[in-house]
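Each value in this text was obtained by applying a stated rule to the coordinates, not by laboratory testing. Quantities reported herein were computed from a predicted structural model and do not represent experimental measurements. Using ideal geometry, Cβ is built from the backbone for each residue, glycine included, and neighbour counts are taken over all protein chains shown.
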Ligand SMILES: [Zn+2]
């Protein structure tokens, strides 16, 4: 039996959104996310491993059960598009945080160096060299 899939040239297939992975959010859901933690171990099968902390979250020692929410990861990303880069850094380095000062998500690599996204507002060195 042929398993060949129908494919029309010039089209792309858009998969349905998956709402099957959960994450933890600490703080008020409407406030911006300022910190992302990621752990590789999964507590349950739908666990994404991500934990988000918003600007209104209490200090770690003051967090109560009321501050901790379980949310769908996909829906959280729709609601908080600002976390996309934080997610990438946290997945790579375990944690990331938003820096107002740098205007960027930041993380720390294995050697203790700070890792941040280029802002996109300024041309990077390579780009500058290529200019007339
Ligand atoms: Zn969802």
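Which order results if 74, 80, 19 are arranged by neighbouring Cβ count within 10 Å, fewest first? Show your work: numbers first, answer last.
Numbers: 74 16, 80 20, 19 11.
The fewest-first ordering by Cβ neighbours comes to 19, 74, 80.
Can you give the three extents of the C-alpha atoms in region 8-83 along their principal axes, from longest to shortest, in whole Å?
Result, largest extent first: 56, 26, 17 Å.
When the helix-only estimate is applied to the chain (DSSP H runs of n ≥ 4, each -39,500 (n - 2.57), divided by the residue count), what is the mean residue ellipticity at 222 nm, nearest 500 deg cm²/dmol? The partial results should precede the final answer.
Details: 3 runs with 22 residues, N = 132.
It lands at -4500 deg cm²/dmol.
Is the shape of the chain best called rounded, prolate or oblate, per the rule: a/c under 1.5 gives rounded, else a/b larger than b/c gives prolate, else oblate, with a ≥ b ≥ c the square roots of the Cα gyration tensor eigenvalues? Please list the in-between numbers first.
Details: a/c = 2.04, a/b = 1.07, b/c = 1.90.
The shape class here is oblate.
Fewest Cβ neighbours within 10 Å first, please rank 29, 11, 54 accordingly.
If I rank by nearby Cβ atoms, fewest first, I get 11, 29, 54.
Based on alpha-carbon centroids, what's the gap between region 90-118 and region 1-53 in Å, whole number please?
Computed from Cα coordinates, the inter-centre distance equals 21 Å.
Sticking with the crude label model, points 7 Å out along Cα→Cβ, report the distance from residue 118 to residue 12 in nm, one decimal please.
Reported label-point gap for residue 118 and residue 12 is 2.2 nm.
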